[in-house]
Amino acid sequence: MPIFLGMDLRGHLELLLLGALHATGPAHGYALIAALRERSDGTFHLPEGTVYPALHRLERDGLVASEWEVGAPRRRRVYRLTAEGSAALQAKRREWTAFANGVQAILARPIVGSMA
Amino acid sequence: MSEVDKYLDDMFDRLSGTGEAGRRTLAETEDHLRMGIEEGLARHLSMHEAEHEAVARFGSPASIARQLRRSYRPRWWRPALTAAWLIASLGLVALGTSYLMSVIDAASPALLHSGRQSLCTGSTGVACAASASPWANVVAGLVLLLTGLILLAAGWLAIHYAWLAAPGRRIRRLTAALFGVAGLGLLVSPPLTGVPRMDGILGYQQGAGWRVSLIASAVAMLTAIVVLATRSRVQWGPYDPRSRRHGPSAAGR
């Protein structure tokens, strides 16, 4: 099951991070991981370090921006959604909803004939 | 040494050569692990347990370093464009050099007595350079050479300003392999004159055509060696001309 979830997450991590950033507002990596874990009720339990390459990719694509937090006791990089990131999140959310509805429509039907 | 310090050292080794992106990831990793430890201590774990848990939750340094490198890999068309630029410009330089060297070789007194008349028999290109009007061929060689050099300089500027990807190891190996194969091909194929005579080295007479082939082959091989020997300074992330730095934060500033 964790392997399945891991495979599933790989293609959607960026979308989840955009969603988490939208929900939390500007946040550092650790807070984003916590938000992902809490909001998914522990379903998305991924290696925490994988979040940083994904955040770097999002920044490279202009969907998030980041800067070192000033005045923090430790050097801390804070990420925030850009306008492009918000637009991308909206578009991806629509795609995801349509996809999830389609999967749900198929999986929700009771399996007939396998329990003889 | 604590488990976190060992982990950070390992991560540091694996991120070598990634420049600012790696430095930033290392700082983020340390910050993340320290927060994880604080959280563990708040749950009354021992220091050792808190460190172990924070490291275990973060994931393997090898996997994270690999993902980071992948995140900064250039888009596919940029390396393709770089490869095309490198092969075309070096090809022009090699061709121009071969032309000029063949003209010089043809002008040498020894060649006048060793089959110069046969140079253009049934052939075109570099071989003919030696037997046609020498000045026209000098001009042709110079034009090819200068065009190649200008193209090389333009490409270098394009890389400097991040419009093109820096030629990585794969591109340099591919270019070197192409020139190497071309050099070998010129050595073992019939001389550029196209007049095989079965009494010389490699099955052909050591005449002017063979010399032209040898020059072109040597230039191609030399180009392959130079390309392989040239080290490329890999630049990570987009280039910000204002700060004259590469990296994601340069673009984000």
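Values as computed for the structure displayed
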| item | result |
| --- | --- |
| Any hit, region B:35-44, residues being part of a helix (DSSP H, G or I), touching a helix residue (DSSP H, G or I) at 6+ places or on another chain (Cβ under 6 Å) and away from chain A (no Cβ under 12 Å) | yes |
| Qualifying residue in region A:26-38 (condition: at the interface with chain B (Cβ under 7 Å from one of its Cβ atoms) and modelled with pLDDT of 90 or more) | yes |
| Residues (in contact with a His (Cβ under 9 Å, 6 or more places away or on another chain) and either within 10 Å of another protein chain (Cβ to nearest Cβ) or buried (at least 20 other Cβ atoms within 10 Å of the Cβ) (or both)) located in region B:4-34 | B:A21, B:R24, B:T25, B:E28, B:D31, B:H32 |
| Residues (farther than 22 Å from A:E14 by Cα and modelled with pLDDT under 90) located in region B:38-82 | B:W77, B:R78, B:P79, B:A80, B:L81, B:T82 |
| Top-ranked residue of region A:55-74 - restricted to ones that are without any contact (Cβ under 8 Å) to a residue 40 or more places away in the chain, more than 7 Å from every other protein chain (Cβ to nearest Cβ) and touching a helix residue (DSSP H, G or I) at 6+ places or on another chain (Cβ under 7 Å), ranked as nearest to B:R34 (Cα to Cα) | A:L55 |
| Residue check, A:Y52 in contact with a His (Cβ under 6 Å, 6 or more places away or on another chain) and within 9 Å of chain B (Cβ to nearest Cβ) | no |
| Qualifying positions in region B:15-29 - part of a helix (DSSP H, G or I) and in contact with a Lys or Arg (Cβ under 8 Å, 6 or more places away or on another chain) | B:E20, B:R24, B:A27, B:E28 |
| Residue within region B:92-107 that is among the hydrophobic types (A, V, I, L, M, F, W, C), within 25 Å of B:R173 (Cβ to Cβ), surrounded by fewer than 21 Cβ atoms within 10 Å (Cβ to Cβ) and within 14 Å of chain A (Cβ to nearest Cβ) present | no |
| Residue check for B:A54: small (G, A, S), in a helix (DSSP H, G or I), within 11 Å of chain A (Cβ to nearest Cβ) and surrounded by fewer than 21 Cβ atoms within 10 Å (Cβ to Cβ) | no |
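The values are calculated or read from the model by the stated rules, or taken from the named source; none is laboratory data. Bear in mind that the values here come from a model prediction, so they are computed numbers and not experimental data. Every residue, glycine among them, receives a Cβ derived from its backbone with ideal geometry; neighbour counts consider all protein chains shown.
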